[in-house]
2 protein chains.
Amino acid sequence: MEDIDRKIVALLMRDGRMSYTDLGKSTGLSTSAVHQRVRRLEERGVIRGYAVVVDHEAVGLPLTAFISIKPIDPSQPDDSPDRLSGIPEIEACYSVAGDESYILKVRVGRPADLEDLLARIRSSANVTTRTTIVLSTPYENRPMTA
Amino acid sequence: MEDIDRKIVALLMRDGRMSYTDLGKSTGLSTSAVHQRVRRLEERGVIRGYAVVVDHEAVGLPLTAFISIKPIDPSQPDDSPDRLSGIPEIEACYSVAGDESYILKVRVGRPADLEDLLARIRSSANVTTRTTIVLSTPYENRPMTA
DNA sequence: ATCTTCCTGTCGATGTCCTCCACGGGTGCA
DNA sequence: TGCACCCGTGGAGGACATCGACAGGAAGAT
């Protein structure tokens, strides 16, 4: 990927609503040229989409946790991501190396909701869980540097 | 927060570049009304900003890992987030309950870069590290449901 | 009950920006 | 040289954001 594309992506990570006009000014290109480049980045899948960045406390989901899961019966086929994809509290699912097989990032409103969520996860995926509560988030989703 | 604000936020999590006109159609409000609500959400800090969603493999950072850190000397003041904030590979930093004090999410290009990054983290923050390599990411940053 | 105030909506006007099209200058190659 | 391709510029139109003026409803004070 070219240097100028990298710069465009970095700018859009900081402000995903930046206008093509301003992107052009920041990169030394014309509006149309930037537009074309962004379109190409979207087509190639480099840019997957645009999203709003939300304060989770403000939307009523102040409690974040990481849940590591391990299958109870390792001989069974492992389709945990599919089984869990219907649970909306799960924001992310990572397949990881190590003792456990997946790490889930979840957001709920209260501790009681977490308890309920854990029960659903265990029964849906037939796994044991290990939960790490997030106390605070110094930073998250930081943009790439140019 | 009201129900209609929740809906607006959910829509913007799916498409952060959705026009106010379309937001209005989807919520049954006029363009201006939606515009005002979004502005209020931004002022209140519910909407923190807008960002592009990037394919990390495509931008040359295919290797993701979680690094749990623990201070070597627990009697020292714990300012790890500040000490580490200058390291661009660190995408997120969570303060967590449990044996370790922070979990970092990092992205690098190659295993060798991870080795180098770990050395920088250990020396910058005076901590021990435990690294969990991400093999694949079934999903990530999923939008809230309505 | 009436008035005031605040909140939140609609409507309309204006300026900006997105979007598309035609065109031009490099570069690689037969 | 001539051709094809890529990637840039510039301009025109239409859509969209943005702002101001105004209306209606809820809550509180007199």
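The values are calculated or read from the model by the stated rules, or taken from the named source; none is laboratory data. Being a predicted model, the structure only gives us computed values, none of them experimental. Here Cβ is always computed from backbone atoms with ideal geometry, including for glycine, and neighbour counts include all displayed protein chains. Keep in mind that these areas ignore ligands, DNA and RNA; they rest on the heavy atoms of the full protein, side chains included. Shrake-Rupley method; radii C 1.70, N 1.55, O 1.52, S 1.80 Å.
The figures follow:
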quantity: Boolean, B:Arg83 is touching a residue at least 40 places away in the same chain (Cβ under 8 Å), assigned to a helix (DSSP H, G or I) and open to solvent by 20 Å² or more (accessible area, probe 1.4 Å); calculated: yes
quantity: Leading residue by the ranking (farthest from B:Val54 (Cα to Cα)) among those in the range A:22-41 that are within 12 Å of DNA strand C (Cβ to nearest atom) and β-branched (Val, Ile, Thr); calculated: A:Thr31
quantity: Residues that are within 13 Å of chain A (Cβ to nearest Cβ) and of a type in the set (S, T, N, Q), drawn from the range B:4-23; calculated: B:Ser19
quantity: Number of the exception - A:Gly45 against (1) on the phi > 0 side of the Ramachandran plot; (2) within 16 Å of DNA strand C (Cβ to nearest atom); calculated: (2)
quantity: Scan of the range B:7-23 for residues that are within 21 Å of the chain's Cα centre (by Cα), surrounded by 15 or more Cβ atoms within 10 Å (Cβ to Cβ) and outside any helix (DSSP H, G or I), ordered by number; calculated: B:Asp15, B:Gly16
quantity: Which numbered condition A:Pro143 fails, given (1) modelled with pLDDT under 95; (2) open to solvent by 50 Å² or more (accessible area, probe 1.4 Å); calculated: (2)
quantity: Contacts under 9 angstrom Cβ, first residue in the range A:16-37 being under 17 Å from A:Glu2 (Cα atoms), partner in a loop (DSSP other than H, G, I, E, B) and within 11 Å of DNA strand C (Cβ to nearest atom), 6 or more apart; calculated: A:Gly24/A:Ser30; A:Ser26/A:Met18
quantity: The one condition in (1) outside any loop (DSSP other than H, G, I, E, B); (2) under 28 Å from A:Ile133 (Cα atoms) that A:Val59 fails to fulfil; calculated: (1)
quantity: Scan of the range A:24-80 for residues that are away from chain B (no Cβ under 14 Å), open to solvent by 70 Å² or more (accessible area, probe 1.4 Å), more than 25 Å from A:Ala10 (Cβ to Cβ) and not polar (S, T, N, Q), ordered by number; calculated: A:Ile72, A:Pro74, A:Pro77
quantity: Sole exception among (1) modelled with pLDDT under 95; (2) closer than 19 Å to A:Tyr50 by Cα; (3) not in a loop (DSSP other than H, G, I, E, B) for B:Glu91, by number; calculated: (1)
quantity: All positions within the range B:94-111 that are of a type outside the set (Lys, Arg), open to solvent by less than 50 Å² (accessible area, probe 1.4 Å) and not in a loop (DSSP other than H, G, I, E, B); calculated: B:Tyr94, B:Ser95, B:Val96, B:Tyr102, B:Ile103, B:Leu104, B:Val106, B:Val108
quantity: Out of A:Ser32, A:Ser124, A:Ser26, A:Ser75, sole residue that is in a loop (DSSP other than H, G, I, E, B) and among the polar types (S, T, N, Q); calculated: A:Ser75
quantity: Failed item, numbered, when A:Arg130 is tested on (1) out of contact with any Cys (no Cβ under 9 Å at 6 or more places or on another chain); (2) closer than 30 Å to A:Gly16 by Cα; calculated: (2)
quantity: Single residue of B:Arg17, B:Arg83 found to be away from DNA strand C (no atom under 16 Å from the Cβ), within 30 Å of B:Arg107 (Cα to Cα) and of a type in the set (D, E, K, R); calculated: B:Arg83
quantity: Residue list for the range A:126-146, filter: under 15 Å from B:Ser68 (Cα atoms) and of a type in the set (Lys, Arg); calculated: A:Arg130
quantity: Boolean, A:Val127 is within 14 Å of chain B (Cβ to nearest Cβ) and in contact (Cβ under 8 Å) with a residue 12 or more places away in the chain; calculated: no
